[in-house]
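The block underneath contains the structure these notes are about, expressed in structure tokens.
The values are calculated or read from the model by the stated rules, or taken from the named source; none is laboratory data. Note that the structure is predicted; figures quoted are calculated from it, not measured. Because the Cβ atoms are built from the backbone with ideal geometry, glycine has one as well, and the counts that use them run over all protein chains shown.
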Amino acid sequence: MKFAALVAILAEDLEEQAIDSAKEAGAGGVTILDARGIGTKEKKTFFGLTYEGSQSVLLFVLEKKLSVRVLKQMTRDLDLNATSKGVVFTLPLEHIAGIDMAQLEQFESRIRDDI
């Protein structure tokens, strides 16, 4: 079975919507990281204080086909092609250890259903 890491870097206000979208597409657990980003535009200032918008990094470990399904659903639900509020991508995983056996059985069940 092949796995992929799905990474979503999003504006913090989209975090819950992104998680709901991923779960609706079949994703299970997620690791959430707080982040800051530096873009090409100048940062907003208010009375000399710089505002840096908060971001969230969502990390999912998914079966490869499921990762594509989740990516497409998140892109559609969050309208990421029309807005610049985030990016979602997948990375292939060569070696993996420690994955929950219940989650592995869930992946296998989905694959059998798809076949």
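Each residue in the stretch 82-108 was checked for being of a type in the set (A, V, I, L, M, F, W, C) and either assigned to a strand (DSSP E or B) or within 15 Å of ALA18 (Cβ to Cβ) (or both), and 5 of them qualify.
In this structure, ALA5 does not satisfy being within 20 Å of ALA82 (Cβ to Cβ) and modelled with pLDDT of 90 or more.
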